[in-house]
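Novice: Below you'll find the structure I mean.
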Amino acid sequence: MAANYPNVQYVAGNCLHPESFKDVLQDVNGVIHTVGALVDGKGERSYQALNCDTTVKVARELDQIVASREGEEKGNIVMISSAKAPPFLPAYLSTKIEAENYILKNCDNLNKTIIRPGFIVNAEHRSWSVPLSYGVDFLYRLNQF
């Protein structure tokens with residue numbers, strides 16, 4: 001995959017622990033944040049941790065690093081958020097929105113792009129998430145009337 005995008009650097013790190021990625025941010029001008037979870041867990045696997053805290057910590061670090069660079073342009077952050085969630089998972093959407101609000105209100109040194117797609121499914125959870133996505137889409141459309 002990296003060969004198809006020569007200007008993109010893929011880095012492993014833990015978004016909940018800035019020390020694992022802080023050094024990498026010194027030399028970048030943007031981050032695409034895609035971390036999130038549909039299923040709520042405990043501790044570092046909770047909605048709050050994965051849907052909000054990871055976003056806030058990455059954005060805060062990048063914003064501070066860009067602020068410390070003299071005379072440089074703003075940095076960039078792209079957050080993959082969500083436009084909707086199953087009605088029985090309100091915390092999923094509220095934690096995504098909390099992260100959006102942090103970026104919009106607190107990251108003055110970053111150009112912000114927030115993408116709010118509909119329900120996203122992955123191959124691992126396809127057997128139950130695809131039918132759920134149809135239900136979520138249906139309920140979302142009903143709510144638009």
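Novice: Would you confirm whether or not segment 91-112 contains a residue that is at pLDDT below 90 and open to solvent by 20 Å² or more (accessible area, probe 1.4 Å)?
Specialist: Among the residues of segment 91-112, not one is at pLDDT below 90 and open to solvent by 20 Å² or more (accessible area, probe 1.4 Å), which makes the answer no.
Novice: Let me ask you something else. Do we find a residue being under 24 Å from P117 (Cα atoms), in contact with a strand residue (DSSP E or B) (Cβ under 7 Å, 6 or more places away or on another chain), surrounded by 19 or more Cβ atoms within 10 Å (Cβ to Cβ) and not small (G, A, S) anywhere in segment 38-49?
Specialist: No; the residues of segment 38-49 include none that is under 24 Å from P117 (Cα atoms), in contact with a strand residue (DSSP E or B) (Cβ under 7 Å, 6 or more places away or on another chain), surrounded by 19 or more Cβ atoms within 10 Å (Cβ to Cβ) and not small (G, A, S).
Novice: Let me ask something additional. If you take the residues of segment 113-123 that are modelled with pLDDT under 95 and either part of a loop (DSSP other than H, G, I, E, B) or in contact with a helix residue (DSSP H, G or I) (Cβ under 7 Å, 6 or more places away or on another chain) (or both), which of them is surrounded by the fewest Cβ atoms within 10 Å (Cβ to Cβ)?
Specialist: This residue is N122.
Novice: Further, regarding this structure: Look through segment 131-145, keep the residues that are of a type in the set (A, V, I, L, M, F, W, C) and either surrounded by 12 or more Cβ atoms within 10 Å (Cβ to Cβ) or under 27 Å from A67 (Cβ atoms) (or both), and return whichever of them is modelled with the lowest pLDDT.
Specialist: Taking the candidates together, the pick is L139.
The values are calculated or read from the model by the stated rules, or taken from the named source; none is laboratory data. Treat the numbers as computed from the prediction; the structure is a model and nothing was measured. Methodologically, a virtual Cβ is constructed for each residue, glycine included, from the backbone with ideal geometry; neighbour enumeration extends over all protein chains shown. Quick note on the areas: whole protein, heavy atoms, side chains included, nothing else; ligands and nucleic acids left out. Shrake-Rupley method; radii C 1.70, N 1.55, O 1.52, S 1.80 Å.
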